[in-house]
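Q: Please read through the structure below; I'll follow up with questions.
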Amino acid sequence: MTRFFLSLALLLMVTQPACIWKLWSKEKNPEARIYDVYGTVKSVNQDRLVITTTKGDRGFVFTPSSIKGSDFGAGAYVHVYYKLQGGSEVITMVVQKID
């Protein structure tokens, strides 16, 4: 039984500093993060996607590496994954949400 408590105490001593270090570590660069949002397509073409969200209209940019999950049009409900790049919101992937 004492071996169990010693092992538990040793485990806590090893893992706790890592948790505390995480509190003081810096956040990821905003341009390195992937964000996501849901919305209804207002307009879409090969270069740009505009959706309406609960917070208003949002515009996103397609790049050659962007993934478009299907051929959707205005009125479709979509899930957009994007990153911040040079002041623009660049689509990494967009898929239509089907209920």
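Read-outs throughout are calculated quantities, based only on the coordinates presented, and are distinct from any laboratory measurement. The structure presented is a predicted model; accordingly, all values stated were derived computationally and were not measured. Heads up, the Cβs are rebuilt from the backbone with ideal geometry, glycines too, and the neighbour counts pull from every protein chain shown.
Q: What spacing in nm lies between the two simple spin-label points modelled at K68 and T2, each 7 Å away from Cα in the Cβ direction?
A: With each label placed 7 Å out from Cα toward Cβ, I get 7.1 nm.
Q: For region 48-88, what class follows from the C-alpha gyration tensor (a ≥ b ≥ c being the square roots of its eigenvalues): rounded when a/c is under 1.5, otherwise prolate if a/b is larger than b/c, else oblate?
A: oblate
Q: Amide H to amide H under 5 Å from K97: which residues, 5+ apart in sequence or cross-chain, H placed 1.01 Å off N in plane?
A: Sorted by chain and number, the residues that satisfy this are Y77, V78, H79.
Q: Translational diffusion coefficient of region 28-99 at 4 °C, 1.567 mPa s, Stokes-Einstein with Kirkwood Rh over Cα pairs, in µm²/s as a whole number.
A: Numbers: Rh = 12.1 Å.
For the chosen part, D equals 107 µm²/s.
Q: D57 to V90: extension gain in nm, 0.36 nm per residue of separation minus the Cα-Cα distance? Each step should come with its number before you reach the end.
A: On the way: separation 33, 0.36 × 33 = 11.88 nm, distance 1.53 nm.
So the extension gain works out to 10.4 nm.
Q: How large is ³J(HN,Hα), in whole Hz, for each residue of region 40-47 in order, when computed from phi with the Karplus curve 6.51 cos²θ - 1.76 cosθ + 1.60 and θ = phi - 60°, using x for Gly and Pro?
A: Karplus values, whole Hz, x for Gly and Pro: 9, 5, 8, 7, 8, 9, 5, 10.
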